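Undergrad: Below is one structure. I have some questions about it.
Just so it is clear, none of the values below were taken in a lab; they were calculated from the coordinates. In this text the structure is predicted, and so the values were computed from the model without any measurement. For neighbour counting, all protein chains shown are included, and Cβ atoms are generated from backbone atoms with ideal geometry for every residue, glycine included.
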Amino acid sequence: MARPRDFEETDALDAAIGCFWRRGYEATSVRDLAAAMGISGTSLYNAFDDKRTLFVRALDRYMAETARERIHRLERTLPPKQAIRRFIGEVIDRSVDDVERRGCFLINSALEVAPHDPELGEEIAQRLSEIEAFFRRTIKAGQAAGEIPAARDARDLSRLLLGVLLGIRVLARARPERALLEGVARPALGLLDSGD
């Protein structure tokens, strides 16, 4: 008979996120993770198999609590163009309020891990694609509603918005200045409006 887990999985994943976020994937050992999660190394392996699997689960939990939550809430409650603007605005707010300048766990991982580990790089890319897909869906919905010019290529514009989002989160680690970050976003968001 399997032994019941003696820890709450979501709390353990949140602790793992914090550990990976502070140290980075490569510098984080299984011992570091087990200590942060308040479990033994054996319990970590029994619950999550290995460090890589735990990292992927941590990325998924982070996405669920940040980008996916925001996407779900904004798509449900706001008109398309306003949902995109609010999404970017909330990311700017979060960046400015990040007093430790930790940045975004997903984007930090993309910079650290993706170039050196194709398998984990693909996991990270899939999560970035979720954000791009939100932008694309919302742009197309805005075009169908007449809010966003139909002449705009939804694929190109969604990729541009993803690039702007990544740029904001990276730039904010060095210069978390609202005027600067809003200035980065403004030209791209202007493409959602009529005119060239």
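Undergrad: If you put +1 on each Lys and Arg Cβ and -1 on each Asp and Glu Cβ, how big is the dipole of the range 76-182 around its Cα centre, in Debye rounded to 20?
TA: Result for the range 76-182 is approximately 500 debye, rounded to the nearest 20.
Undergrad: Is there a quick way to get the dipole size of the range 9-58? I mean about its Cα centre, with the Cβ of Lys and Arg at +1 and of Asp and Glu at -1; what is the value in debye to the nearest 20?
TA: It works out to roughly 160 debye.
Undergrad: May I ask for the distance between the Cα centers of the range 143-185 and the range 56-78, given as a whole number of Å?
TA: 18
Undergrad: A further question on this structure: Please report the relative contact order for the range 9-58, taking Cα pairs under 8 Å with a sequence separation of at least 6, and give it as a percent rounded to a whole number.
TA: Once normalised by length, the contact order is 47 percent.
Undergrad: Next question. Using 1/(1 + (r/R0)^6) with R0 = 25 angstrom and r between the beta carbons of residue 72 and residue 30, what's the FRET efficiency to the nearest 0.05? Can you show the working numbers first?
TA: On the way: r = 33 Å, r/R0 = 1.32.
So, using R0 = 25 Å, E works out to roughly 0.15.
Undergrad: Tell me which of 113, 38, 88 sits at the most positive position along the dipole axis of the chain, charges placed on C-beta atoms (Lys, Arg +1; Asp, Glu -1).
TA: Checking the options against the dipole of the chain, the answer is 88.
Undergrad: So, R0 is 35 Å and r is the distance between the beta-carbons of residue 45 and residue 129; what FRET efficiency does that work out to, to 0.05? Walk me through the numbers on the way to the answer.
TA: Numbers: r = 30 Å, r/R0 = 0.86.
The pair residue 45/residue 129 has a calculated efficiency of 0.70.
Undergrad: Compute the distribution of all C-alpha to C-alpha distances in the range 9-58, in bins of 5 Å from 0, and list the percent of pairs in each, rounded to whole numbers.
TA: Reading upward from the zero bin: 5, 25, 42, 24, 4.
Undergrad: Using a simple charge model, +1 on the beta-carbon of Lys and Arg, -1 on the beta-carbon of Asp and Glu, nothing else, what dipole does the chain show about its Cα centre, in debye to the nearest 20?
TA: With Lys and Arg at +1 and Asp and Glu at -1, about 400 debye.
Undergrad: In Å, what Kirkwood hydrodynamic radius results for the range 66-190 from the alpha-carbon pair distances?
TA: Across the range 66-190, the inverse of the average 1/r is 15.0 Å.
Undergrad: At q = 0.10 Å⁻¹, what log₁₀ I(q)/I(0) does a Debye calculation on the Cα points of the range 1-94 give, no solvent, two decimals?
TA: -0.36
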